[in-house]
Amino acid sequence: MKHYIEREVPFELHEVNVLDADEKDLEEISRESGVGLSVDEMKMVKEHFKEIGRNPTDLELEAIGQAWSEHCCYKSSKPILKDTVFDIEAPQNIYVVEEDAGVVEFDEEHAYVVALESHNHPSAIEPYGGAATGIGGIVRDVTCMGAQPLAFVDPLFFGPLDMDYDDLPSGTKHPRYLFDGVVHGISDYGNRLGIPTLSGMVYFDECYTSNCLVNVGCVGIAKKDELIRSRVKKPGDVFIMAGGKTGRDGIHGVTFASDELHEDSEEEDIGAVQVGDPITKEPLIHTSLELNRKGLLQGMKDFGGGGLSCVAGEMGLDAGYGAEVQLDKVPLKEEDMAPWEIWVSESQERMMYAVKEEDVDEVMHICEKWDVEATRIGKVIDEKRVKVYYEDENIMDLDLEFQTGGPTYCRPTESVEHVRKLEEKEPEEAGDCGDVLLELLQRDNINSKEWVIRQYDHEVRENTVLKPLQGILGKQGPGDASLIKPLEDSFKGIAISTDVVPKLTALDPKSGAMSVLDEAVRNLVAVGAEPHSFADCLNFGNPEKPERLGDFERVAEGLEAVARPLGIPFVSGNVSFYNETEEGPVKPTPSILASGLIDDVREAVSMDLKEEGNAIYLVGETKEEMGGSEYYQMKDCSSRKVPQVDVNILQKSKDEMLSAHSKGLIRSCHDVSLGGFGVALAEMCLAGNVGIRVDVETDLRSDKFLFSESNTRWIVEVEEENIEEFEKNFSVPVQRIGSVSKENGRVKVKMNGNEKIDLGLKEIRKYWKETLGKKMG
């Protein structure tokens, strides 16, 4: 059977012969065309066009393939998300989940806008371009809500940097190459846009060797009366495409992202990776914001997944209308592109404006002023259809509700308690915990990420109050959260933190997810900010495998179990499935972008110890929860006791810590996370360039107390004159453990009267600071 029938028109156009196709033919058509539809989905397409009485054009089939991809329609995750993290009511919600970015109240006149996305598969085959266009996409999501972008974040995940080349799976690039390319892609794009990259994380694990994860986020600010929707207003409004030209880069990007990587992915799918151009993007942002500020736009949407095939119809349908597009009007990079290629291209730096007819000339004038190419390509129509013309030929006439509806699957899930499979293996008690601490400090998930951070401009725009590295110049340590002051006439600020603990979600997906949000809350509270919203990027393996989707379901349940009782909404998010190769899936990786508000940025607290003689407190309870800890991993040991979260204790601890902040009782603060109390203590000393004396009485083994990663804990510095008031402020466990000391710049720790750590800052700094830079050359 002939799959494609050439139309007699003066350009490339084919009918796709689905009406005469059997199951085998339908499978072949899907594979040959690259639309990524299953046989059952192809049958749905066949039945729809059978009712119409004709075959689809290649353009129509491609449009359905993009819209029905996992990346676009969330067909495997939607039922689970609706039952868990969606619809957490909070008074700060403005536009939550329903738009390209979440919109949340900042003050009476302003809203902040947040988005978090993945660009995993593109970065695995072309790390520089994949990461750069990830930044390019996320900044458009925020801009198209009418918001000025303020800051980027970048949670990144790679295989071990010291992996032997002989151990790499076939077709896989070395983690050092990927890491270097991704960081340079983010820095080059973000720095050229003039937007700071303020928060992020880097996590290394063997599971990311053949499928690195590149998550990127953006935070922006907008006046409430200038917020705009990604939809049209009424029939007759004009569609204007603005920004970059359309090319063959980014074709089938969403279908590529909705399948597993394999050893031939680079050769077969390199065309799915877009080409970024921040020099074009920067004036496009200015143009879009000026047009919106002047009230010249009825709606605005960025060209993301699926390109024009998604943006025009979605803008129309969301308002109850449709779209008519003159496809031959679209400006092209290449002259010989087929209509279907133009329709689904995901070329970067493009925005779609919906404009009143009477405002078209002024819109074109402002675009010309900013040297932004703009073209009138269509209009809004009454019918809920998308009609496409090319050289006056009607080449597409599709029911939008069918195109964008897509299937939704309640796939089978299998809940596996991974932690129960572990054999308990306990290390011998460490005699000298100082050696253990030094070894932990040079581990890649703990050591200094200055090699990354220094490549990003985190001070451009002059809004940055707390930076990613905090403390004495040249001696800084890792901050818990960054802080920006978005408005010139207000000291109110937004704190930003990114968090995930893959080793815990791999052992116990639900408890691990709860730990992720516990840490997100701790990081914001550490600087004095009230946790206000979450955005998530949920990275998992193949959802068609019940165990993978079971992990996803358990993680979603864990996120809800913390967020809903705390009243902190998930306002925006992304699901990235199919992060899996023949080597296996990535660990469940729910990246979180947490935002918090602080009334006065001048009252914010950094993590560096400040002054000799000040008291040091541990807030929270340390438990024998060593499962997944860096210490046990380092010793090749295992435990089924993973850190748990008591949401009531978390709520109470958060409130009491913020109360202490508001009373000015806290001089410095650092949350206890990877590496436990010992690592957090060392980081505070490094950042303040001071020593410390600690003397602790505990029922736990010394090494377990020092390196347990139990949740809901902070180390706090308090001035002597405030000790009594500080202690009275708390009902949760608070333990005075020592004081700041400049004595020879040493970190001294006694446990139950026995000296366990006695190290100089110079030695500590060398292990913590130099390791990553040396590995990257």
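The values are calculated or read from the model by the stated rules, or taken from the named source; none is laboratory data. Computed from a predicted model, the values in this text were never measured in an experiment. Here the Cβ positions follow ideal geometry from the backbone for every residue, glycine too, while neighbour counts run over all protein chains shown. Heavy atoms of the whole protein, side chains included, go into the accessibility calculation; ligands, DNA and RNA do not. Shrake-Rupley method; radii C 1.70, N 1.55, O 1.52, S 1.80 Å.
Taking a Cβ cut-off of under 13 Å around HIS365, the surrounding Lys, Arg, Asp and Glu residues balance to a net charge of -4, with basic ones at +1 and acidic ones at -1. Remark: the chain carries a charge dipole of roughly 2200 debye about the Cα centre, counting +1 on each Lys and Arg Cβ and -1 on each Asp and Glu Cβ. Spatially, region 119-195 and region 608-683 are offset by 31 Å when compared through their Cα centroids. Computed over region 638-690, the Cα gyration tensor eigenvalues convert (square root of 5λ each) into semi-axes of 23, 21, 4 Å, ordered from largest to smallest. For region 522-645, the solvent-accessible area with a 1.4 angstrom probe is 28 square angstrom per residue.
Less than 5 angstrom separates the built amide H of CYS212 from none of the residues sequence-distant by 5 or more or on a different chain. Just the protein heavy atoms count here, and of the accessible area of region 553-639 at 1.4 Å, carbon and sulfur take up 34 percent. Cα centroid separation, region 348-365 to region 459-516: 37 Å. By its C-alpha gyration tensor, with a ≥ b ≥ c as the square roots of the eigenvalues, how is region 334-487 shaped: rounded for a/c under 1.5, else prolate for a/b larger than b/c, else oblate? Note, shape of region 334-487 comes out oblate. Pairs from the list LYS333/LYS775; LYS281/LYS467; LYS485/LYS610; LYS82/LYS301; LYS46/LYS384 with a Cα-Cα gap above 30 Å: LYS333/LYS775. Would you work out if region 423-571 is rounded, prolate or oblate? Take a ≥ b ≥ c from the square roots of the eigenvalues of the alpha-carbon gyration tensor; rounded if a/c is under 1.5, else prolate when a/b is larger than b/c, oblate otherwise. Oblate is the answer for region 423-571, as a/c is 1.5 or above yet b/c matches or exceeds a/b. Sorting 681-689, 619-627, 767-775 by their mean Cβ neighbour count within 10 Å, with the most densely packed peptide first, gives 681-689, 619-627, 767-775. What's the angle, to the nearest 10 degrees (0 to 90), between helix 23-33's Cα axis and the longest principal axis of the chain? Helix 23-33 sits roughly 80 degrees off the main axis of the chain. Separation of region 266-345 and region 9-65, taken as the distance between their Cα centroids, equals 24 angstrom. Axis of helix 546-566 versus longest Cα principal axis of the chain: the two differ by about 60°, to the nearest ten degrees. If you average the sequence gap of Cα pairs under 8 Å that are 6 or more apart and divide by the length of region 656-777, what percent do you get for the contact order? Averaging sequence separation for qualifying contacts and normalising by length gives 34 percent for region 656-777.
Ranked by the mean number of other Cβ atoms within 10 Å of their residues, highest first, the peptides 525-535, 700-710 come out as 525-535, 700-710. The apolar share of the surface of region 721-777, taken as the fraction of accessible area on carbon and sulfur atoms (1.4 Å probe, ligands and nucleic acids excluded), comes to 40 percent. Packing order of peptides 669-677, 356-364, 587-595, highest average first: 587-595, 669-677, 356-364 (average count of other Cβ atoms within 10 Å over each peptide's residues). Each other residue within a Cβ distance under 9 Å of HIS3 adds +1 if Lys or Arg and -1 if Asp or Glu, for a net charge of -2. In the chain, the longest principal axis of the Cα atoms and the axis of helix 676-688 are about 90 degrees apart.
With only the Cα atoms considered, the chain has a convex hull volume of 149 Å³ per residue.
Among the listed pairs LYS2/LYS50; LYS75/LYS173; LYS425/LYS635; LYS449/LYS587, give every one whose C-alpha distance is greater than 20 Å.
Working: LYS2/LYS50 18 Å; LYS75/LYS173 31 Å; LYS425/LYS635 10 Å; LYS449/LYS587 22 Å.
Those over the limit are LYS75/LYS173; LYS449/LYS587.
When all protein chains stay in place and ligands, DNA and RNA are ignored, the 1.4 Å accessible-area order of PHE730, PHE179, largest first, is PHE730, PHE179. Per-residue ellipticity at 222 nm computed for the chain from its helices equals -10000 deg cm²/dmol, with DSSP H segments shorter than 4 residues left out and the rest contributing -39,500 (n - 2.57).
Taking all protein chains into account, the per residue accessible area for region 329-447 stands at 50 Å² (1.4 Å probe). For the chain, the relative contact order works out to 14 percent when only alpha carbon pairs closer than 8 Å and six or more residues apart are counted.
Only one residue of ALA594, VAL605, LEU161 has its Cα farthest out toward the positive end of the dipole of the chain, where Lys and Arg carry +1 and Asp and Glu -1 on Cβ, and that residue is VAL605. Electrostatic tally near GLU424: other residues with Cβ closer than 10 Å to its Cβ, Lys and Arg +1, Asp and Glu -1, net +1.
With all protein chains in place and a 1.4 Å probe, the accessible surface of region 405-533 carries 45 percent carbon and sulfur. Only Cα pairs under 8 Å and 6+ residues apart enter the sum, and on that basis the relative contact order of region 1-130 stands at 14 percent. In whole angstrom, region 167-242 maps to an equivalent ellipsoid with semi-axes of 38, 18, 13, each derived as √(5λ) from the alpha carbon gyration tensor and ordered largest first. Per residue, region 133-257 exposes 25 Å² of solvent-accessible protein surface, assessed with a 1.4 angstrom probe and all protein chains in place. Ordered by solvent-accessible area of protein heavy atoms (1.4 Å probe), largest first, the residues HIS184, HIS661 come out as HIS184, HIS661.
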